[in-house]
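Nothing in this text is a laboratory measurement; each read-out follows from the coordinates by a stated rule. Given the structure is predicted, the values throughout are model-derived calculations rather than measurements. Cβ placement follows ideal geometry from the backbone for every residue including glycine, while neighbour counts extend to all protein chains displayed.
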Amino acid sequence: MERIKAFKQSKKYTMRQTFLIMCESVFVGDKNGSSSVRTAEDVKLFVDYFLASFVELQSDKIVNVRLQVCQALALLFEMKSELCNNEKIINMVNRLRTDSAKDSIYFLRKIELPQLLSSPDKAS
């Protein structure tokens with residue numbers, strides 16, 4: 001896992017984009033394959049090992065990396081993954097909708113966010 005996360009730390013923006021593509025394959029599966037249903041174990045794997053790094057890239061200084069994040073988020077919501085209810089994911093969408101890169105809106109335009117903090121235990 002650490003070798004995969006090393007892509008996120010790379011000074012080369014193309015390697016950071018590669019990390020995001022790897023994240024997509026964990027939470028969405030093969031976009032060209034016939035089966036993209038993710039199991040609870042897949043979601044847990046992503047949350048436990050990749051979510052924090054994925055979230056950090058929303059603030060990358062390179063626009064193309066942030067756009068790759070937006071594209072990954074759009075795919076995540078298109079697949080109706082249970083990750084769509086993750087508070088960090090929802091916050092990413094909200095933050096990227098105000099990004100200086102106006103192209104981010106293109107990828108995020110169809111995302112309908114679930115209500116955050118609907119239960120008292122999520123408010124903390």
Quiz item: Within straight cross-link reach of K80, meaning Cα distance under 12 Å, which aspartates and glutamates are found once same-chain residues fewer than 8 apart are removed?
Solution: E112
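Which loop GluC sites (Glu not before Pro) in the range 43-120, with loop taken from DSSP, have no more than 14 other Cβ atoms within 10 angstrom of their Cβ?
Details: sites: E56, E78, E82, E87, E112; in loops: E112.
Here the sparse-neighbourhood loop sites are E112.
When the chain is fully extended, how far beyond the present Cα-Cα distance does S100 get from N85, taking 0.36 nm per residue of separation? Walk me through the numbers on the way to the answer.
Numbers: separation 15, 0.36 × 15 = 5.40 nm, distance 2.51 nm.
Stretched out fully, the S100 to N85 stretch lengthens by 2.9 nm.
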Quiz item: Past the 24 Å Cα-Cα mark, which pairs from K12/K110; K8/K110; K11/K44; K5/K44?
Solution: K12/K110; K8/K110; K11/K44
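Find how much the distance from L113 to T18 grows on full extension, using 0.36 nm per residue of separation minus their present alpha carbon separation; answer in nm with one decimal.
Values: separation 95, 0.36 × 95 = 34.20 nm, distance 2.62 nm.
Result: 31.6 nm gained on full extension.
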